[in-house]
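Everything on this sheet refers to the single structure shown next.
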Amino acid sequence: MSEGQLNIGVIGLGVMGQRMLARLATHPRLRATTVWDAQPAAIAATLQAYPELRAADSAEALIASPGLHSLYIATPPAPHMALSELAFDAGLAVFCEKPLTVAFDAARACIARIEAQGQRAAVNFALASSKGLALLQSQFGKGTERPLGDLQSIELELAFAAWPRPWQAAAGAWLGERIEGGFSREVLSHFIFALQRVLAPAQVHSSRVQYPADGISAEIGLQAELQAAGVPLSIRGSVGGAGEVPADLNRMRWQAAAGQIQLQEWFSQIEVRTAAGHLLPQEVSNGDLRLNGQRDQLDQWVALIEGRPHGLPGYAEALAVQETIEALLQGRG
Ligand SMILES: NC(=O)c1ccc[n+]([C@@H]2O[C@H](COP(=O)([O-])OP(=O)(O)OC[C@H]3O[C@@H](n4cnc5c(N)ncnc54)[C@H](O)[C@@H]3O)[C@@H](O)[C@H]2O)c1
């Protein structure tokens, strides 16, 4: 394939669809051309912001658009598998939002097809393209020399002043409901992805989940103990925090025999300390980390479309993440 433009169709024009449209507008090769959403108002608002886009009449019509190279799916999880299958029928590469799905049988069938037919498909865990993940892999991944010594334990803290978060206020009701939404699927999944990519699929030893009494709303608390490749991981997640937590927080600490790596704010703030407490310098300034990750992610998408090697998680890796998340949500111990 030449170094030309790659045309992207976008299905799902809510919070995430809009974010991706803005990011795509900055990329030299990826260009959103065609959009569709189940809500006509979302299509109208998108066309107003991006008059150069074309709106399709349906998901099927978008996927059949001539000249399209890839489909980006930013709907809630329920239609992810069916839309992926339609896109594969049309020979498109698919970049799908996480969580992959909560329908495991459909996901397994889709993954079997991807493997049998060599379909191109990846899931948007943005940490896949982060410097923080690369650092963890270089320190603790398989086959590395482990300069900080053997990994002893991992701690993850997640706190949300409110759920859904204010910037997601315009998202559908699904995000705040326990059937498809909640912070475990939305946020914890990113860190389980990072954990499992560096180490191995995790086993859940205990998990306590707190829900509001209404029977509908998503979890407001999660305390869990897991193990991955023999390393214990503890998770503490909460919404509201009874005044203790002023703002959203995500912080992961990887404790090793001769030092510690702490990653905060979506791996954009990284501290590496030796056991004696000395801070080791980082090559890239922390402020640049998130932006670089976003640019790199789009370049990886180009590689996916062109059938070249890339670091984006595939559907099987994303399903393994979701299996851990759903096991946590079922509660244990
Ligand atoms: N990777 C990330 O960092 C990140 C961040 C936020 C959300 N997400 C994920 O992105 C996806 C979308 O989340 P959101 O916050 O944008 O939700 P949202 O509710 O704001 O938007 C979803 C949009 O999809 C549309 N839609 C629903 N069903 C559809 C269907 N069958 N066909 C076409 N359109 C349909 C809705 O009308 C809505 O406009 C979810 O899977 C979510 O978990 C990922």
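Condition first: surrounded by fewer than 13 Cβ atoms within 10 Å (Cβ to Cβ) and modelled with pLDDT of 95 or more. Can you find one or more residues in the range 296-307 that meet it? Before you say what the answer is, go through the steps one by one.
First pass over the range 296-307, keeping only residues surrounded by fewer than 13 Cβ atoms within 10 Å (Cβ to Cβ): 307.
Those left that are additionally modelled with pLDDT of 95 or more: 307.
There is at least one residue in the range 296-307 that is surrounded by fewer than 13 Cβ atoms within 10 Å (Cβ to Cβ) and modelled with pLDDT of 95 or more.
Can you tell which of A41, A78, A59, A74 is within 11 Å of the ligand (Cβ to nearest atom), over 22 Å from the mean Cα position of the chain (by Cα) and touching a residue at least 40 places away in the same chain (Cβ under 8 Å)? First the steps, then the outcome.
Details: A41 fails: touching a residue at least 40 places away in the same chain (Cβ under 8 Å); A78 fails: over 22 Å from the mean Cα position of the chain (by Cα); A74 fails: over 22 Å from the mean Cα position of the chain (by Cα).
Just a single option satisfies the conditions, and that option is A59.
Which residues, counting only those in the range 26-38, are of a type outside the set (A, V, I, L, M, F, W, C) and either more than 14 Å from the ligand (Cβ to nearest atom) or in contact (Cβ under 8 Å) with a residue 40 or more places away in the chain (or both)?
Initial filter on the range 26-38 (of a type outside the set (A, V, I, L, M, F, W, C)): 26-29, 31, 33-34, 37.
T26, H27, P28, R29, R31, T33, listed by residue number.
For the range 1-30, give me the residue count where each residue is part of a strand (DSSP E or B) and of a type outside the set (A, V, I, L, M, F, W, C).
Residues in the range 1-30 being part of a strand (DSSP E or B) and of a type outside the set (A, V, I, L, M, F, W, C): 2 in total.
Note down all Cβ pairs under 8 Å where the first residue falls in the range 139-160 and is among the hydroxyl-bearing types (S, T, Y), the second is not in a strand (DSSP E or B), and they're at least six residues apart or on different chains.
So the pair list comes out as T144/Q137; T144/S138.
Examine the range 79-88 for a residue that is surrounded by fewer than 19 Cβ atoms within 10 Å (Cβ to Cβ) and polar (S, T, N, Q), and state whether such a residue exists.
no
Looking only at residues in the range 3-25 that are away from the ligand (no atom under 16 Å from the Cβ) and in contact (Cβ under 8 Å) with a residue 40 or more places away in the chain, which one is surrounded by the fewest Cβ atoms within 10 Å (Cβ to Cβ)?
Of the range 3-25, the ones away from the ligand (no atom under 16 Å from the Cβ) are 3-7, 25.
Filter once more, so that each one left must be in contact (Cβ under 8 Å) with a residue 40 or more places away in the chain: 6-7.
On the way: L6: 20, N7: 18.
So the residue we want is N7.
Taking the options A116, A170, A112, A106, name whichever one is hydrophobic (A, V, I, L, M, F, W, C), in the same structural domain as S207 (by TED's automatic domain parsing) and either within 16 Å of the ligand (Cβ to nearest atom) or at pLDDT 95 or above (or both). Outline the logic, then answer.
Values: A116 fails: in the same structural domain as S207 (by TED's automatic domain parsing); A112 fails: in the same structural domain as S207 (by TED's automatic domain parsing); A106 fails: in the same structural domain as S207 (by TED's automatic domain parsing).
Among A116, A170, A112, A106, only A170 is hydrophobic (A, V, I, L, M, F, W, C), in the same structural domain as S207 (by TED's automatic domain parsing) and either within 16 Å of the ligand (Cβ to nearest atom) or at pLDDT 95 or above (or both).
Test each condition in (1) under 21 Å from F104 (Cβ atoms); (2) free of Cβ contacts under 8 Å to residues at least 60 places away in the same chain for A213 and report the one that comes out false.
A213 satisfies every listed condition except (1).
Look at A200 and say whether it is within 27 Å of G311 (Cβ to Cβ) and of a type in the set (G, A, S).
In short, yes.
Here are some conditions: (1) part of a strand (DSSP E or B); (2) within 17 Å of E97 (Cα to Cα); (3) of a type outside the set (K, R). T33 meets all but one. Which one does it not meet?
Looking at each condition in turn, T33 falls short on (2).
Answer yes if at least one residue in the range 126-143 is crowded, with 22+ Cβ neighbours inside 10 Å, in contact with a Pro (Cβ under 8 Å, 6 or more places away or on another chain) and under 28 Å from R31 (Cα atoms), and no otherwise.
yes
The values are calculated or read from the model by the stated rules, or taken from the named source; none is laboratory data. Fair warning: this is a prediction, and the values are worked out from it, not measured in the lab. Positions of Cβ are generated from backbone atoms using ideal geometry, with glycine treated the same way; all protein chains shown enter the neighbour counts.
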